[in-house]
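Presented below is the structure to which this report refers.
The values are calculated or read from the model by the stated rules, or taken from the named source; none is laboratory data. For clarity, every value in this text was computed on a predicted model and none was experimentally measured. Virtual Cβ from ideal backbone geometry, glycine too; neighbours counted across all protein chains shown. The accessibility values were calculated without ligands, DNA or RNA, using every heavy atom of the protein model including side chains. Shrake-Rupley method; radii C 1.70, N 1.55, O 1.52, S 1.80 Å.
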Amino acid sequence: MKRMSNNSILVVGGGFAGITAALEAAELGYEVYIVETNPYLGGRVAQLNQYFPKLCPPSCGLEIQFQRIKNNPNVKVITMASVESVSGSVGNYDVKVTQRPRFVNEKCTACGECEKATSTQVASEFDYGVGKRGLAYKTHPFMFPMRYVVDAENASDGELAAIKNACPYDAVDLDETSKTIDLAVGAIVVATGWKSYDMSNLTNLGGGQIKNVISNAQLERLAAPNGPTGGKIVRPSDGAEPKKIAFVQCAGSRDQNHLNYCSYICCMASLKHVRYIRERSDAEVTVFYIDLRTPGRYDKFKSITEADDKLSLVKGKVAGIVEDADGSPVVTVEDALTSIKREDKFDMVVLATGMEPSIAGLQAPAGTIDADGFVIDGEGIFAAGCAKQPLDVMKTAQSGTAAAMKAIQSVVGR
């Protein structure tokens, strides 16, 4: 007997691309499952201070999407989960999903009493390691779903008991275990997003070795009001406000030893970061670049930013960064326009690290990946957002819509 085909759609990844794809399909009447590895939806966009060109906070776009999800019964959200296996073919995929325990149930009101119960702090993944979080935590103020997470792996038995006893709503459930969820879907959208290229690979630039050399993603969290410093941009080594800051473009991108491709958004991200710095301080900023790429409508953003007399744009590839006696980075670069090799000392250096697919070096949850880790479309399997290629937020949303339409086309009428 021939098995009936299924027109449900699985979206792997709950970042901006995944949310967009899910809502576009759900609002056309299709049942959609979002499987997200984090305890929240919103992906990398949720970690931003602002996104260009209008410099909107991420809550501006995400909260509207969250309301749409709440109001649409066709969307089922599974957080803290990963796809373990996919079998079958277009119209009839069997998917096994593993969901990790949150140890907090739906009774949670996000009152925060559990967070106060212990004083132990660990590095915050949400803050890219520049901040800390407790053993019971929420990642950010507009977290969705708005429910705490208990880090049982790093907590002692005594701390776990204190966290449970502190909850006035009986929302902490320490008996939760991992569970397997079986899904039957007709098409799959892979929207697994991106990760910041590991700057510890950039040893010549002091990545992971020099305290006052940070990544562009870490600067984004330092600038965010909900970040570890409340939006104050400071040096990690001593908490001092930097008066002289450098940006090193293409840190790992367009490099055969690291990422072969241009990561598309790094130039705009650094120009945005210049705006952050100049709004908050009188610091001098230097951007070392190979090419400044501000495609299409972003050229106006560049023109306005580069008019700042505290900003210097230097065309030249940085050869190395070392640390001097007071912990300040010293940058060696050859100016491509003058052919003069120079060494400049800064209070802090920001590496514009590239966008690497989150699943680079791993097995794709569905379909296949290319040599760089980007997902390749297949029959019934479609990539969206930065799982497909480096994109900004606007193009990520467009990509999510396109993937949803392709997924619908692959199951309609079956």
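Residue count for the range 359-374 satisfying the condition of being surrounded by fewer than 19 Cβ atoms within 10 Å (Cβ to Cβ) and small (Gly, Ala, Ser): 3.
Here is a list of conditions, (1) surrounded by fewer than 20 Cβ atoms within 10 Å (Cβ to Cβ); (2) touching a residue at least 24 places away in the same chain (Cβ under 8 Å); (3) not small (Gly, Ala, Ser), and TYR197 meets all of them except one; can you say which number that is? With respect to (1) surrounded by fewer than 20 Cβ atoms within 10 Å (Cβ to Cβ); (2) touching a residue at least 24 places away in the same chain (Cβ under 8 Å); (3) not small (Gly, Ala, Ser), TYR197 is out only on (1).
Please work out if PHE301 is open to solvent by less than 60 Å² (accessible area, probe 1.4 Å), at pLDDT below 95 and not acidic (Asp, Glu).
On the way: open to solvent by less than 60 Å² (accessible area, probe 1.4 Å): yes; at pLDDT below 95: yes; not acidic (Asp, Glu): yes.
So PHE301 fits the description; yes.
Conditions tested, residue by residue: (1) closer than 23 Å to LYS310 by Cβ; (2) aliphatic (A, V, I, L, M); (3) touching a residue at least 40 places away in the same chain (Cβ under 8 Å); (4) open to solvent by less than 20 Å² (accessible area, probe 1.4 Å).
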{"site": "LEU205", "(1), (2), (3), (4)": "no, yes, yes, yes"}
{"site": "LYS211", "(1), (2), (3), (4)": "no, no, yes, no"}
{"site": "ASN216", "(1), (2), (3), (4)": "yes, no, yes, yes"}
{"site": "LEU219", "(1), (2), (3), (4)": "yes, yes, yes, yes"}
{"site": "ALA223", "(1), (2), (3), (4)": "yes, yes, yes, yes"}
{"site": "PRO228", "(1), (2), (3), (4)": "no, no, yes, no"}
{"site": "ILE233", "(1), (2), (3), (4)": "yes, yes, yes, yes"}
{"site": "ASP238", "(1), (2), (3), (4)": "yes, no, yes, no"}
{"site": "GLU241", "(1), (2), (3), (4)": "yes, no, yes, no"}
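In the range 174-215, counting only strands (runs of 3 or more DSSP E) that sit wholly within it, none holds 3 or more residues that are of a type in the set (Gly, Ala, Ser) and at pLDDT 95 or above.
Scan the range 375-414 for residues that are under 30 Å from GLN50 (Cβ atoms) and either assigned to a strand (DSSP E or B) or open to solvent by less than 40 Å² (accessible area, probe 1.4 Å) (or both) and the total you get is 17.
Just the residues that are among the hydrophobic types (A, V, I, L, M, F, W, C), closer than 29 Å to ALA110 by Cβ and crowded, with 22+ Cβ neighbours inside 10 Å, please, taken from the range 172-194. The answer is VAL172, ALA191, TRP194.
Close contacts from the range 114-133, counting a first residue that is within 22 Å of LEU41 (Cβ to Cβ) and a second that is part of a loop (DSSP other than H, G, I, E, B) and among the polar types (S, T, N, Q), with Cβ to Cβ under 6 Å and a gap of 6+ residues or different chains, come to PHE126/THR139; GLY131/SER124; ARG133/SER124. Within the range 15-44, if we keep just the residues that are in a loop (DSSP other than H, G, I, E, B), open to solvent by 30 Å² or more (accessible area, probe 1.4 Å) and in contact with a helix residue (DSSP H, G or I) (Cβ under 7 Å, 6 or more places away or on another chain), the residue that is nearest to VAL77 (Cα to Cα) turns out to be TYR30. The condition of being open to solvent by less than 30 Å² (accessible area, probe 1.4 Å) and in a strand (DSSP E or B) holds for TYR93.
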